[in-house]
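Below is one structure, written out as structure tokens; comments come after it.
The values are calculated or read from the model by the stated rules, or taken from the named source; none is laboratory data. Just so we're clear, the structure is a prediction, and the values are computed from it rather than from any experiment. A quick note on method: Cβ atoms are made from the backbone with ideal geometry, for glycine too, and the neighbour counts reach across all protein chains shown. Accessible surface areas use protein heavy atoms only, side chains included; no ligands, DNA or RNA. Shrake-Rupley method; radii C 1.70, N 1.55, O 1.52, S 1.80 Å.
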Amino acid sequence: MRDIQQLLKFRRGLWIALAITSLAPSMLIAQRVDSLQILDYSNPKDYEIGGVTVVGSTYTDANAITSISGLKTGSSIRLPGPEIPKAVKALWNLKLFTDVRILKEKTIGDVIFLEIHVQERPRMTNYTYEGVKKGQHESLNEAVKQYLAKGGIVTENMKVSASKAIEKYFIDKGCLDAAASVREGTDTSRVNAVKLVFMVDPGNRIKIKDIDFVDNAAVKDKKLVKKMDKTKEKSRFLASSKYIRDDYEKDKVEIIKYYNTIGYRDARILGDSIWRDDKGFLRMAINLEEGQRYYFRNLTWKGNSIYDTATLNQVLGINKGDIYNQELLETRLRFSQEGRDVSTLYMDNGYLFFQVDPVEVAIVEDSIDLELRIFEGPQATIDKVIVNGNDRTHEHVIRRELRTLPGEKFSRSDIIRSQREIINLGYFNQENLNINTPVNPERGTVDIEYDVEEKPSDQLELSAGWGGYRRVIGTLGVAFNNFSLRNITNKSAWRPLPMGDGQRVSIRAQTNGDFYQSYNLSFTEPWLGGRKPNSFSVAGFYNKFAYGFKGSSSYQSLNITQGSISLGTRLKWPDDNFISSTAINLQTLGLNNWSQGLFRADNGDIVSVGNYFNYSIRQTISRSTVSDPIFPKSGSNITLSLQATPPYSLFNPDKDYTELTTQEKFRFLEYHKWRFDMDWYATLTGKLVVKAAAKIGMLGYYNKDIGTSPFERFQLGGDGINNQQFGFAGVDIISLRGYEVNQLEGNLDPTGGTAATPLFDKFTVELRYPLSLNPSSTIYILGFAQGGNAWKSFRDFNPFDFKRSAGLGLRVFLPMFGVLGFDYGVGFDKPGPRTLRNLADFNIVLGFEPE
């Protein structure tokens with residue numbers, strides 16, 4: 001008998017034993033499969049596989065293991081032979097196991113039964129972090145999610161990749177020394193499971209001490225550093241100094257772009273060096289080659305037949321001798337946001353296929369000659385206008401706002417205007433508004449596709465607040481901004497209310513019982529008749545203010561009832577951004593021993609008793625070019641309004657009004673009231689937006705013997721909340737951050753109380769920066785400087801007498817609740833001690849932005 005024993009050694013130190021026995025008496029038969037077996041290599045033998053059993057697979061399907069091994073029941077196998085090593089290799093390549101063995105279970109004649117023994121890699125059930133704040137866990141989860149999956153196989157490669165991702169997360173924040181390692185722990189709640197703990201040391205943020213430029217003669221270092229948007233020096237005020245490689249590379253490109261705008265078309269960066277000094281700070285040196293400065297010389301148009309050279313030169317706005325600026329050239333040819341470019345000139349006239357190619361035909365010393373080669377192409381006609389994604393808003397509501405109509409010439413300006421009008425509806429997410437223009441060159445047509453995404457537009461107001469002497473005041477209000485009146489009888493359209501026709505319904509109620517009640521209702525149809533943008537609105541409200549107990553001698557009350565109806569239309573001249581609106585207002589005021597001092601005539605008399613009738617017409621002219629009403633980035637809103645009553649006293653010139661009592665003079669109110677409001681927005685850089693605003697109001701009279709109406713005046717100061725909670729009280733309440741009402745001399749009456757004034761102005765400058773532009777919650781911070789004042793009469797008016805303030809604020813817009821926020825303002829011209837406690841005011845904004 002000759003026995004042969006051989007040990008097979010495979011990769012990764014894995015030992016695999018194959019046990020083969022035969023029925024021959026000369027062979028040693030092994031009874032256990034968990035030990036190395038004795039094989040006779042001199043006498044290979046063929047067997048039929050009678051069965052294959054998998055042992056040790058908890059997570060991996062046994063049938064899949066058998067199939068991948070290639071060992072099939074009923075197939076023949078030679079032992080020793082190539083089939084077993086091949087099966088082991090196939091299973092090992094899955095990288096699912098730390099051990100693979102194929103052993104003989106038993107033999108019956110020429111039939112062999114095999115067992116595949118595997119040791120599975122552990123599975124991860126959870127992972128956590130040590131050494132970092134909990135607020136960073138969510139961001140780290142996002143960084144490692146592509147490498148880690150609960151229930152996934154734990155491999156060294158996976159652990160290393162996740163650790164590197166964590167380090168990269170902190171390195172991208174400027175923590176260049178960040179380090180992460182991982183520790184495995186057994187999870188006893190599951191078989192062959194582990195928990196991973198990532199031990200993180202973020203280290204300190206490494207700041208950039210200096211950025212030096214070498215061989216820059218035309219531009220100083222300080223100027224070039226400012227052109228680097230992300231990579232900042234430590235010494236710069238309010239600059240976040242950190243090194244991120246990708247941002248640094250982009251900033252180097254911006255430096256060359258800047259050189260190109262000032263004539264250095266050949267400028268390039270030869271190389272750079274980055275090192276750490278002995279204090280750990282980063283230092284940078286960027287080697288430049290500025291090259292020669294160039295100028296425009298001769299600009300020649302070629303291929304233009306629609307517009308002559310003079311017209312194209314006027315639009316281009318580049319003259320011989322101007323500094324060579326390739327960015328300006330491209331802007332004037334194709335990409336001007338103001339619409340001042342040659343491409344817009346052609347495309348607004350239907351030439352969608354227009355192309356212009358500037359070619360440098362000569363470079364003589366420091367001068368460059370350009371040939372501007374034009375391909376005008378045929379005019380394109382709009383074929384189809386398609387709207388997608390409007391699952392709540394009816395399509396006609398969108399189409400009536402579009403300037404692009406089938407059969408008309410293509411116009412890029414019309415597309416931009418249509419986009420603005422869709423956004424201003426307030427029903428769609430402007431971040432996901434897409435416009436596609438598939439072209440059919442053979443037919444000379446273009447389709448225009450508007451892809452919109454609906455967002456919540458209705459608002460709910462449910463609140464309770466302390467009203468001081470008015471006690472707790474409850475408010476319930478709803479505003480349906482996309483209502484459908486015509487479907488109100490259609491039960492299937494109630495989801496939960498009929499919507500989609502762009503109409504607005506607002507219902508609001510406030511009360512604290514008998515002392516204060518306010519109810520108002522309004523309805524607006526923006527397209528009366530559905531053919532032209534003629535708006536129709538009807539509104540009404542009832543307000544009641546009371547003090548004391550009814551029936552007592554100290555009881556006093558004010559009741560105001562008003563109804564109004566208005567018609568508005570979009571004008572075509574000077575342009576179609578103008579809107580004209582005319583409203584008729586019918587209001588009655590009932591005063592019973594009202595002695596609050598708010599309504600005071602010019603002679604000092606308090607209007608406290610009687611019924612007064614305020615019948616007026618209000619004419620408004622407004623112009624709006626704002627593209628986003630929630631967070632405007634550009635454009636303006638300008639409004640001029642005149643509200644006037646009939647001049648009753650002029651109808652009876654012989655009547656002596658000086659002999660009448662104050663109550664008799666103002667039984668039928670007469671006045672003319674002027675308001676001018678202007679908001680202007682512009683993007684300064686990136687997301688930073690500046691807002692400039694002006695508000696001016698004045699109340700005049702027809703007859704000096706009657707004087708200025710005690711109603712319809714203005715009250716400047718405070719946070720404007722009263723205008724929302726106690727509005728419709730016969731007074732326009734205008735906020736002035738940093739000042740209370742009684743801190744403006746113009747608001748004080750002779751008794752020391754407060755009264756409304758016939759004249760005010762207010763001017764504001766704000767810097768706004770968005771933290772989130774998500775339609776579900778738009779959030780931005782702001783800094784403001786403001787000035788304004790109020791005067792008792794026109795002879796006291798001084799346009800340079802401002803009450804100044806400045807401060808910071810926060811705004812949060814939630815579609816269901818409107819604007820929430822606060823302002824912290826410091827009034828520099830307040831009376832009293834010059835302490836921050838006296839000068840500063842904290843104002844709250846609820847529901848909507850105060851005036």
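Within the chain, antiparallel bridges make up roughly 85 percent of the DSSP beta bridges whose residues both belong there. Please state the shape class of segment 191-283: rounded when a/c is under 1.5, otherwise prolate if a/b exceeds b/c and oblate if not, all from the C-alpha gyration tensor. Since a/c reaches 1.5 and a/b is larger than b/c, the shape of segment 191-283 is classed as prolate.
Distance between the pseudo-spin-label points of residue 330 and residue 309 (7 Å out from Cα toward the beta carbon): 2.7 nm. For residue 742 and residue 113, the difference between the fully extended length at 0.36 nm per residue and the C-alpha to C-alpha distance is 216.5 nm. Accessible area per residue was computed with a 1.4 Å probe on protein heavy atoms; residue 375 scores about 110 Å². With all protein chains kept in place, the per residue accessible area of the chain amounts to 51 square angstrom at a probe of 1.4 angstrom. Counting only alpha carbon atoms, the long axis of helix 245-261 and the longest principal axis of the chain meet at about 50°.
Ordered from highest to lowest accessible area with the whole protein assembly present and a 1.4 Å probe, 654, 348 read as 654, 348.
Across segment 89-209, the relative contact order, built from alpha-carbon pairs under 8 Å that are at least six residues apart, equals 25 percent.
Straight-distance candidates among the lysines for linking to residue 792, with alpha-carbon spacing under 26 Å and chain neighbours fewer than 8 residues away dropped: 665, 673, 695, 704, 762, 803, 830. Please state the shape class of segment 478-589: rounded when a/c is under 1.5, otherwise prolate if a/b exceeds b/c and oblate if not, all from the C-alpha gyration tensor. The shape class here is oblate. For the set 698, 228, the ranking by accessible area, highest first and with no ligand, DNA or RNA atoms included, is 698, 228 under a 1.4 Å probe. Going through [x] 148, 86, 68; [y] 112, 59, 50; [z] 112, 85, 62, the figure that equals Cα extents along the principal axes in Å as computed for the structure here is [x]. In loop segments of segment 364-400 as defined by DSSP, the GluC sites (Glu not before Pro) with at most 11 further C-beta atoms inside 10 Å of their C-beta are 365. Of the residues 565, 696, ranked by 1.4 Å probe accessible area with the largest first, the sequence reads 565, 696.
Contact order for segment 648-703, expressed relative to its length and based on alpha carbon pairs under 8 Å spaced 6+ residues apart, stands at 37 percent.
Modelled spin-label separation between residue 595 and residue 53, with each label point placed 7 Å from Cα along the Cα-to-Cβ direction: 10.5 nm.
Given R0 = 22 Å, the distance between the Cβ atoms of residue 421 and residue 674 translates into a calculated FRET efficiency of 0.15. Quick one: if the Förster radius is 35 Å, what FRET efficiency do residue 478 and residue 771 give, using the C-beta to C-beta distance and rounding to 0.05? Step by step, r from the Cβ atoms, then E = 0.80. Only helical runs count toward this figure. For the chain, summing -39,500 (n - 2.57) over DSSP H runs of n ≥ 4 and dividing by all residues gives -3500 deg cm²/dmol at 222 nm. Classify segment 493-551 as rounded, prolate or oblate from the Cα gyration tensor: take a ≥ b ≥ c as the square roots of its eigenvalues, call it rounded if a/c is under 1.5, otherwise prolate when a/b beats b/c and oblate if not. Oblate. When you restrict to C-alpha pairs under 8 Å that are six or more residues apart and normalise by the size of segment 365-437, the relative contact order lands at 27 percent.
By DSSP, what percent of the beta bridges with both residues in segment 598-732 are antiparallel, rounded to the nearest 5? Looking only at bridges with both residues in segment 598-732, the antiparallel portion is about 90 percent. Count Lys and Arg as plus one, Asp and Glu as minus one, and take only other residues whose Cβ is under 14 Å from that of residue 193; the net charge is then +2. Between residue 150 and residue 285, the simple label model (points 7 Å from Cα in the Cβ direction) yields a spacing of 5.3 nm. Amide H to amide H, with H built 1.01 Å from N, residue 106 comes under 5 Å of 113, counting only residues 5 or more places away or on other chains. Projecting the Cα atoms of 264, 315, 285 onto the charge dipole of segment 227-338 (Cβ charges, centred on the Cα centre) puts 285 farthest toward the positive pole.
Helix 156-171 and the longest principal axis of the Cα set of the chain meet at an angle near 30°. The calculated FRET efficiency for the pair residue 89 and residue 246, based on their C-beta separation and a Förster distance of 35 Å, comes to about 0.25. Compute the long axis of helix 412-425 from its Cα atoms, compare it with the longest principal axis of the Cα atoms of the chain, and write down the angle in degrees, 0 to 90, nearest 10. Its long axis makes an angle of about 80 degrees.
When both segment 535-549 and segment 62-96 are represented by their alpha-carbon centers, they are found 87 Å apart. Fully extending the segment from residue 542 to residue 137, taken as 0.36 nm per residue of separation minus the present Cα-Cα distance, adds 140.5 nm. The trypsin sites (Lys or Arg not before Pro) found in segment 518-608 that occupy coil by DSSP, while having at most 14 further C-beta atoms within 10 Å, are 531, 550, 572. Taking 26 Å as the straight-line reach from the Cα of residue 145, the lysines in range (excluding those fewer than 8 positions away in the same chain) are 95, 133, 134, 159, 164, 168, 173, 195, 242. Between segment 624-683 and segment 598-617, the C-alpha centres lie 17 angstrom from each other.
In order along segment 373-381, the Karplus-derived 3J(HN,Hα) couplings, from 6.51 cos²θ - 1.76 cosθ + 1.60 at θ = phi - 60°, round to 8, 10, 10, 7, x, x, 6, 9, 10 Hz, and Gly and Pro are given as x. Surface composition of the chain: carbon and sulfur atoms hold 53% of the protein heavy-atom accessible area at a 1.4 Å probe.
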